[in-house]
């Protein structure tokens, strides 16, 4: 969201400043983390080991996730953070200066907008938003508030990728007119699961947030929310963001495509998922294009067992 050529991202500023000075207790930036699942735990571990940051707030709709995060933070820093069930409480807290968002996709844009309006700088997990309309609203609010916003896809700060892409853009393989992204993942069937009572300690209403209210279902929770339209946008909005981000980077970061097309469907599998498991997409920029192909391999594999642990 911010331009790396003209403005420093707040994460980068933390690291750079930490390398050039000794930080006192009052010099650290108080960071709040919203969403304490897999990516949120990664954020927690990174911030709690960063010299210029203090994890001052932990927010999740699941009490168990907050308790686990507090234990991790205490182990990393010997300190605890304020706990919030509702992100709006964190955003209203004047002691929180920046927030890190690792919620399901349908919350990304609204959470970032609320945070900016509350005066916080924002780091957000990919994708930046659930749809284009939300992304445009995020841009509008960022320009109004002038807050720092970075969306991370875990690639653009990787040294060997930076070196490789720079070499290609300098003509190593000639003029680049097409790049392709591939995402072939083993995603076993999630089967059919009946609705159930909401587990104790989970605020299901807040988890759904801007999505339609539905009865609790364990397969709409945790990682599997990616495969339901209310909360996710399939693998093109999950893993595909990584591949297409690198593909666009390789083309020199063209802005809006002139045309875009996508086709596919849910093929070869019978389960509760809604999003396509096979998809082709193309983006035409006039003199350049991106092609993306994504497919889930039905079957039994290690992926499902890892998620359940």
The stretch 270-309: number of residues that are out of contact with any helix residue (DSSP H, G or I) (no Cβ under 9 Å at 6 or more places or on another chain), closer than 14 Å to residue 191 by Cβ, crowded, with 16+ Cβ neighbours inside 10 Å and modelled with pLDDT of 90 or more: 0
Could you list all residues from the stretch 10-56 that are out of contact with any helix residue (DSSP H, G or I) (no Cβ under 7 Å at 6 or more places or on another chain), modelled with pLDDT of 95 or more and closer than 20 Å to residue 94 by Cβ? 30, 47, 54, 56
For the stretch 274-291, which residues satisfy the criterion of being in contact (Cβ under 8 Å) with a residue 40 or more places away in the chain and more than 26 Å from residue 228 (Cα to Cα)? 287, 288, 289
When the stretch 178-215 is examined, which residues are found to be surrounded by fewer than 17 Cβ atoms within 10 Å (Cβ to Cβ), outside any loop (DSSP other than H, G, I, E, B) and within 23 Å of the chain's Cα centre (by Cα)? 180, 182, 184, 185, 186, 205, 206
If I filter the stretch 251-267 for residues that are under 24 Å from residue 154 (Cβ atoms), assigned to a helix (DSSP H, G or I) and modelled with pLDDT of 90 or more, do I get at least one hit? no
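The values are calculated or read from the model by the stated rules, or taken from the named source; none is laboratory data. Bear in mind that the values here come from a model prediction, so they are computed numbers and not experimental data. Every residue, glycine as well, gets a Cβ built from its backbone with ideal geometry; the counts of neighbours run over all protein chains shown.
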